[in-house]
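Below: the structure, in structure tokens.
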Amino acid sequence: MVTLEEAKRAFIPKLRPLRWDRERHVLTILDQTLLPFEVYWVEAKDPSQIAEAIKSMRVRGAPAIGIAAAYGMVTALNSPTNDIKESLNALAKAKLQLDAARPTAVNLSWATSRMLSKANRLVHEGEAKKVDELKELLEEEANRVYEEELEAELKIGIYGFEKLNDGDVVLTQCNAGGLATGTGLGTALAPVKLARALGVNVSVVAPETRPWLQGSRLTAYELMTDGVPVTLISDTAVGLVLYKKMVNSVMVGADRILADGHVFNKVGTFKEAVIAHELGVPFYALAPTSTLDLRSSVEEVKIEERSPDEVRTVRGVPVAPEGVKVYNPVFDVTPPKYVTAIITEAGIIYPPFEKNVRKIANM
Ligand code: MRU
């Protein structure tokens, strides 16, 4: 098995969409609404600006919105106050604002809860007596969220690499690469990137992922930047590609994975999983353990619905009769029976998931 040190040496991230300015306490975000046509960075200096960037999907992907939200919590302390209690209130308010930005990815509330608990602990245990101290320690915590994510992805890459053979082609969905995680590496794309970096010949088939086109705009761009061969297909070609055995496995990311193994991910994932299962192609969900939600039931998870105009138009150009009724859910849920394994930084989880997900989560 490849070691963490070997993986770190092999893969140098190129596309890192989040930059934290340590001097000014501002998050700079690569605007993913404009890629690949324009490389444009926006600055966010308070929780409302970071919530807006998440809502509008300038920053998107479960781990990346978690990292952005962690820094968003630090920016809650940008407004001048010397009152530590006022700062804790500002953090509680920022958490509500950030959590409300998008409903499906659990990483968002996971990150804000971690930051808020840390702040409360620091203040109540007397480690942070002044607002400046609190801010510095919270900034370190947000940096840790980022560093831990990067290390988790390297480990996911190592475990996922074990599932690949020379010459393999992997079908993915959406963009679960470094643009979606903030690190430049990714979850679903980590094994193929690591494989290529180690000289193993693998490639990717990326469905375009209507309506937002994460596959064509982001995955194709990211993989081309990283030197991984990629073939773009329309979403409607997924069945044929699997039927013709043009891919050896399916590797997707996740926005939330429940204790019983239900996988919430970009709409279209469920269809891939069912067809793959039917045709005997392995289907893997790759995600850090921060994506595990051990508390919710399937019915409790809210699947985000976005504007009908995302479906009526393609990047502003109408493709349907004006005013047509639209249903635009942007995630779906894959039942555990279609999931071959869940690949996390703590190991590979095989069925029965209702027993094994908790085992990994509690490690
Ligand atoms: O709506 P998006 O673009 O935020 O959806 C992203 C996905 O569905 C990803 O597959 C998921 O967040 C995992 S990212 C590593």
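Scan the stretch 31-49 residue by residue and report those that are in contact with a Phe, Trp or Tyr (Cβ under 7 Å, 6 or more places away or on another chain) and surrounded by 16 or more Cβ atoms within 10 Å (Cβ to Cβ). Of everything in the stretch 31-49, those that are in contact with a Phe, Trp or Tyr (Cβ under 7 Å, 6 or more places away or on another chain) and surrounded by 16 or more Cβ atoms within 10 Å (Cβ to Cβ) turn out to be D31, L35. Within the stretch 57-76, if we keep just the residues that are away from the ligand (no atom under 16 Å from the Cβ) and more than 16 Å from S117 (Cβ to Cβ), the residue that is surrounded by the most Cβ atoms within 10 Å (Cβ to Cβ) turns out to be Y71. For the stretch 269-290, residues that are over 22 Å from E208 (Cβ atoms) and more than 12 Å from the ligand (Cβ to nearest atom) total 5.
Scanning the stretch 198-234 for residues that are outside any loop (DSSP other than H, G, I, E, B) and either of a type in the set (D, E, K, R) or in contact with a Lys or Arg (Cβ under 6 Å, 6 or more places away or on another chain) (or both) yields R217, E222, T225.
Yes/no per residue for (1) at pLDDT below 95; (2) of a type outside the set (S, T, Y):
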site	(1), (2)
T3	no, no
D31	no, yes
V42	no, yes
K55	no, yes
A69	no, yes
A76	no, yes
S79	yes, no
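Inspect all residues belonging to the stretch 229-247 and state whether any of them is within 16 Å of the ligand (Cβ to nearest atom), of a type in the set (D, E) and either closer than 27 Å to Y40 by Cα or crowded, with 24+ Cβ neighbours inside 10 Å (or both). Checked the stretch 229-247: no residue is within 16 Å of the ligand (Cβ to nearest atom), of a type in the set (D, E) and either closer than 27 Å to Y40 by Cα or crowded, with 24+ Cβ neighbours inside 10 Å (or both). Among the residues making up the stretch 199-222, those that are crowded, with 22+ Cβ neighbours inside 10 Å and within 16 Å of the chain's Cα centre (by Cα) are T209, W212, Q214, G215, L218, T219, E222. Where strands (runs of 3 or more DSSP E) sit wholly within the stretch 9-128, those with at least 3 residues that are in contact (Cβ under 8 Å) with a residue 40 or more places away in the chain occupy 26-30. Those residues that are among the aromatic types (F, W, Y) and within 16 Å of the ligand (Cβ to nearest atom), I need them from the stretch 151-177; list them, please. The one that is among the aromatic types (F, W, Y) and within 16 Å of the ligand (Cβ to nearest atom): Y159. Regarding E151, is this residue over 14 Å from the mean Cα position of the chain (by Cα), under 24 Å from M115 (Cα atoms) and without any contact (Cβ under 8 Å) to a residue 40 or more places away in the chain? Answer is no for this residue. Taking every residue in the stretch 166-186 that is on the phi > 0 side of the Ramachandran plot and pairing it with any residue that is away from the ligand (no atom under 12 Å from the Cβ) and in a strand (DSSP E or B), at least 6 positions away or on another chain, the pairs with Cβ-Cβ distances below 6 Å are G182/L18. Candidates A180, A197, A188: the one that is within 13 Å of the ligand (Cβ to nearest atom), outside the structural domain of A62 (by TED's automatic domain parsing) and farther than 16 Å from I65 by Cα is A188.
Consider D260 carefully, then state whether it is closer than 23 Å to I342 by Cα, crowded, with 17+ Cβ neighbours inside 10 Å and among the acidic types (D, E). Considered against the rule, which asks whether it is closer than 23 Å to I342 by Cα, crowded, with 17+ Cβ neighbours inside 10 Å and among the acidic types (D, E), D260 comes out as no.
Only one entry in E278, E322, E305, E345 is under 23 Å from the mean Cα position of the chain (by Cα), over 21 Å from P63 (Cβ atoms) and of a type in the set (D, E), namely E305. When the stretch 291-324 is filtered for residues that are more than 28 Å from A190 (Cα to Cα), within 13 Å of the ligand (Cβ to nearest atom) and among the aliphatic types (A, V, I, L, M), nothing remains. On inspection, S117 passes the criterion of being hydroxyl-bearing (S, T, Y), assigned by TED's automatic domain parsing to the domain that holds A70 and over 17 Å from the mean Cα position of the chain (by Cα).
The values are calculated or read from the model by the stated rules, or taken from the named source; none is laboratory data. Being a predicted model, the structure only gives us computed values, none of them experimental. Neighbour counts run over all protein chains shown; Cβ positions are idealised from the backbone, glycine included.
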